[in-house]
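Student: Before we start, here is the structure in question, set down as structure tokens.
The values are calculated or read from the model by the stated rules, or taken from the named source; none is laboratory data. No experiment lies behind these values; they were computed from the predicted model shown. Glycine also receives a Cβ, built like all others from the backbone with ideal geometry; neighbour counts cover every protein chain displayed. SASA here: full protein model, heavy atoms, side chains in, ligands and nucleic acids out. Shrake-Rupley method; radii C 1.70, N 1.55, O 1.52, S 1.80 Å.
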Amino acid sequence: MKLEGTGIEKVLVDLKPLTHIMESNGFILGGSWDYERVTYDYKIDSPEKNITYYIRIQGYALEGDVDKGNAVIQLMTPLLGKHYYPHGVEYGEQEDFNSGLIERATNAVKKVTESVAQHQKS
């Protein structure tokens, strides 16, 4: 599910401060990045057996190189997904997310958006 209206998809920021802010807010930079893209994930545990939720924020380099650490990243609309062990994460609209979870995820993204916006490039 897309988390619309958080404002983060309008943010353009250097990779190093972005990663520092994301990690200080509990988002982990995925190891599957490449020269042009980054993915940050935030894990939300669930009382349901074998179910974990994830907030995923992705971005792509408009200039520079992710590998070299000099990239300027354009962030994309965050996703809320449900991980089904052992199959993987589903982000589809057909997933059933309760309003409390959606609010928690949206607030986490908005908190990051406020911090990242202070480092936004024009």
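Student: How large is the convex hull of the C-alpha atoms of region 49-94 per residue, in Å³?
Tutor: Cα-based convex hull of region 49-94, divided per residue, equals 95 Å³.
Student: Can you tell me the orientation of helix 99-117 relative to the chain, as the angle in degrees between its alpha-carbon axis and the longest Cα principal axis, to the nearest 10?
Tutor: Helix 99-117 sits at roughly 10 degrees to that axis.
Student: Helix-derived [θ] at 222 nm for the chain: sum -39500 (n - 2.57) over DSSP H runs of at least 4, divide by residue count, nearest 500? Don't jump to the answer; show the numbers that get you there.
Tutor: Values: 2 runs with 29 residues, N = 122.
The per-residue figure over the chain is -7500 deg cm²/dmol.
Student: Follow-up. Please calculate the 1.4 Å probe accessible area of residue 102, with all protein chains present, and give it to the nearest 10 Å².
Tutor: It works out to around 50 Å².
Student: Okay, moving on. Counting only C-alpha contacts under 8 Å and six or more residues apart, can you give the relative contact order of the chain as a whole percent?
Tutor: 34 percent
Student: If you don't mind, there's one more thing I want to ask. May I ask for the angle, rounded to the nearest 10°, between helix 15-24 and the longest principal axis of the chain, with both axes built from Cα atoms and the value confined to 0 to 90°?
Tutor: With both axes taken from Cα atoms, the answer is about 30 degrees.
Student: Right, next: Looking only at 73, 28, 57, which one moves most when the chain is put into a Gaussian network model with springs between Cα atoms under 10 Å?
Tutor: With Cα springs under 10 Å in the chain, the top fluctuation among 73, 28, 57 is at 28.
Student: Another question about this same structure. In region 42-89, which trypsin sites (Lys or Arg not before Pro) are in a loop and have at most 15 other Cβ atoms within 10 Å, using DSSP for the loop call?
Tutor: Working: sites: 43, 49, 56, 68, 82; in loops: 49, 68.
Passing sites in region 42-89 are 49, 68.
Student: When ligands, DNA and RNA are left out and all protein chains stay put, how many square angstrom of accessible area per residue does the chain have with a 1.4 Å probe?
Tutor: Value for the chain: 58 Å² per residue.
Student: Looking at region 33-122, which GluC sites (Glu not before Pro) are DSSP coil and have at most 16 other C-beta atoms within 10 Å of their C-beta?
Tutor: Working: sites: 36, 48, 63, 90, 93, 95, 103, 114; in loops: 36, 48, 93, 95.
Within region 33-122, the qualifying GluC sites (Glu not before Pro) (loop, at most 16 other Cβ atoms within 10 Å) are 36, 48, 93, 95.
Student: While we're looking at this one, here's another question. Let me understand the chain better: what is its radius of gyration from the alpha carbons, and its Dmax, in angstrom?
Tutor: 14.3, 45
Student: Can you return the lysines within cross-link range of residue 10? Criterion is Cα-Cα under 21 Å, with same-chain partners fewer than 8 residues away left out.
Tutor: 2, 110, 111, 121
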